[in-house]
Amino acid sequence: MITLIFPGFNNVHVSGMDIEEKIRKIEEEIQKTPYNKATAHHIGKLKAKISRLKEEALQRKTSSGKGRGFHIKKSGDSTVVLIGFPSVGKSTLLNELTSAESKVGDYQFTTLEIVPGVMEYRGAQIQIFDIPGIITGASRGRGRGREILSVARSADLIVIVLDVFNTDHMDIILRELRDVGIRPNETPPDVIVKRRKLGGVKLSATVELTHLDEKIIRSVLNEYGIHNADVLIRDDITVDQFIDVMEANRAYIPAITVINKIDLVDESYLEGLREKFPEALFISADRNINIDELREEIFNRLGLIRIYLKPQGKKADYDEPLIIRDGSTVGDVCQKLHRDFVRKFRHARVWGSSVKFDGQKVGLEHVLNDEDVLRIIIKK
């Protein structure tokens, strides 16, 4: 959870020296500065300055008509984006997962536009986008990289596709994603920053802070033009995470790592990769190896569950489940079906693992589980 309360706060714009050159010089200064307790606040201030400059550069490109994203039309129950370098097999993978016909070739930059497909799995309609391959420097605009990566910001899940022979691309992809404000497999820090008119900076923390202190926090806040604020921190975060809080525009998205083309290497080679990437899925899109396992993982990581509706006086419809997010309530289902269902709601009955006994009477706040059967009773 991130809460920022900044009445009347205006960002400071950069002028004069080229922004990219300023960023480069500050990065060099950070590299030359030894990190210790005495320099931590100074490094924190420099990192905050870099973050502001990157946002300034992006705003300038957008306002000038450069750096605008691809237009995509979202549909279905969730959206997944395939991200990887050129020629890692994303197009072949999309074709295996969905009914799409993404152009496939053994040369780079085969996919020049975004190709959508729909994966039908467990009653869910999951939209998957094959986007053009990214390259080093994509986050700075190389190869239309910013436009390409912008598609991932609105996704519900990112699938990072690596070539079995070039797994070192993983570090580059993660860096490029971070540089456009995407935080794969991270959660928003539990931080509240409330700006005040007077009183300086007041820090409160419910956990022991091993990476931050009041001096570092004040240095970062000052870089954003904030000199008086109440700061409440409930997570043991780093200075980079605190800067993310101040930017307030980061996208926290779950991600899966997929290593493709495993049919081209022997088992001993794969063993080394499994040690290096213990959480990755090893597949061959071309040979249809472990594609069903990938479908299952996508469904699970999206946090989708199936609810079977049971109209009064009728049997439950097990052929077409309602797909909702894990943790959804009866009220969420009512809202999804029709807004009048909430206004006219009397009660509901549930059969399944979320209740103590079948047919239990529940209210709008009841949390549903996967494969629950739900009957909604409304006022006539």
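The values are calculated or read from the model by the stated rules, or taken from the named source; none is laboratory data. A quick note: this is a predicted structure, and the numbers were derived from the prediction, not measured. Here Cβ is always computed from backbone atoms with ideal geometry, including for glycine, and neighbour counts include all displayed protein chains.
Of the residues that sit in region 79-122 and are in a strand (DSSP E or B) and more than 19 Å from the chain's Cα centre (by Cα), which one is modelled with the lowest pLDDT?
So the first thing to find is which residues in region 79-122 are in a strand (DSSP E or B), and the list is 79-83, 115-121.
Then keep just the ones that are more than 19 Å from the chain's Cα centre (by Cα); that gives 115, 117-121.
Numbers: VAL115: 85, GLY117: 92, VAL118: 93, MET119: 95, GLU120: 94, TYR121: 94.
Within region 79-122, the match that is modelled with the lowest pLDDT is VAL115.
Residues of region 204-256 being surrounded by 20 or more Cβ atoms within 10 Å (Cβ to Cβ), of a type in the set (Val, Ile, Thr) and touching a strand residue (DSSP E or B) at 6+ places or on another chain (Cβ under 8 Å), which ones?
Passing the criteria: ILE217, VAL231, ILE233, ILE237, VAL245, ILE256.
Mind checking which residues of region 228-280 are of a type in the set (Val, Ile, Thr), under 24 Å from the mean Cα position of the chain (by Cα) and within 30 Å of LYS90 (Cβ to Cβ)?
Pass one, region 228-280, residues of a type in the set (Val, Ile, Thr): 231, 233, 237-239, 243, 245, 253, 256-259, 262, 265.
Filter once more, keeping what is under 24 Å from the mean Cα position of the chain (by Cα): 233, 237-239, 243, 245, 253, 256-259.
Once the filter is applied, which keeps residues that are of a type in the set (Val, Ile, Thr), under 24 Å from the mean Cα position of the chain (by Cα) and within 30 Å of LYS90 (Cβ to Cβ), region 228-280 yields ILE253, ILE256, THR257, VAL258, ILE259.
Taking region 307-316 only, how many residues are more than 20 Å from VAL367 (Cα to Cα) and surrounded by 10 or more Cβ atoms within 10 Å (Cβ to Cβ)? Please lay out each step first, then the result.
Filtering region 307-316 for residues more than 20 Å from VAL367 (Cα to Cα) gives 312-315.
From what is left, the residues that are surrounded by 10 or more Cβ atoms within 10 Å (Cβ to Cβ) are none.
Going through region 307-316 one residue at a time, the tally reaches 0.
Given (1) closer than 30 Å to SER99 by Cα; (2) within 20 Å of the chain's Cα centre (by Cα), identify the lone condition not met by ILE283.
Every condition holds for ILE283 apart from (2).
What about PHE357, is it modelled with pLDDT of 95 or more and hydrophobic (A, V, I, L, M, F, W, C)? First the steps, then the outcome.
Numbers: modelled with pLDDT of 95 or more: yes; hydrophobic (A, V, I, L, M, F, W, C): yes.
So PHE357 passes the test.
For region 163-175, which positions are assigned to a helix (DSSP H, G or I) and under 13 Å from THR257 (Cβ atoms)? Even if it seems obvious, please write down each step before you answer.
The first filter runs over region 163-175 and keeps only residues assigned to a helix (DSSP H, G or I), leaving 169-175.
Across region 163-175, the qualifying residues are HIS169, MET170, ASP171, ILE173, LEU174.
Which ones in region 18-61 are within 16 Å of LYS215 (Cβ to Cβ) and either part of a helix (DSSP H, G or I) or at pLDDT 85 or above (or both)? Walk me through it before giving the result.
We begin by selecting, within region 18-61, every residue within 16 Å of LYS215 (Cβ to Cβ); these are 33, 35-48.
Of everything in region 18-61, those that are within 16 Å of LYS215 (Cβ to Cβ) and either part of a helix (DSSP H, G or I) or at pLDDT 85 or above (or both) turn out to be THR33, ALA40, HIS41, HIS42, ILE43, GLY44, LYS45, LEU46, LYS47, ALA48.
Please indicate, with yes or no, whether at least one residue in region 148-162 is buried (at least 20 other Cβ atoms within 10 Å of the Cβ), modelled with pLDDT under 85 and in a loop (DSSP other than H, G, I, E, B).
Looking for residues that are buried (at least 20 other Cβ atoms within 10 Å of the Cβ), modelled with pLDDT under 85 and in a loop (DSSP other than H, G, I, E, B), one finds none in region 148-162, hence no.
Of (1) basic (Lys, Arg); (2) assigned to a strand (DSSP E or B); (3) under 30 Å from GLU96 (Cβ atoms), ARG375 satisfies all except one. Which?
(3)
For GLY76, indicate whether it is modelled with pLDDT of 80 or more, of a type in the set (Gly, Ala, Ser) and in a helix (DSSP H, G or I).
Numbers: modelled with pLDDT of 80 or more: yes; of a type in the set (Gly, Ala, Ser): yes; in a helix (DSSP H, G or I): no.
Considered against the rule, which asks whether it is modelled with pLDDT of 80 or more, of a type in the set (Gly, Ala, Ser) and in a helix (DSSP H, G or I), GLY76 comes out as no.
Among the candidates ASP235, ASP240, which residue alone is assigned to a helix (DSSP H, G or I) and among the acidic types (Asp, Glu)? Break it down stepwise before answering.
Values: ASP235 fails: assigned to a helix (DSSP H, G or I).
From the options ASP235, ASP240, the qualifying one is ASP240.
Is one or more of the residues making up region 262-277 surrounded by fewer than 14 Cβ atoms within 10 Å (Cβ to Cβ), part of a loop (DSSP other than H, G, I, E, B) and in contact with a helix residue (DSSP H, G or I) (Cβ under 9 Å, 6 or more places away or on another chain)?
No.
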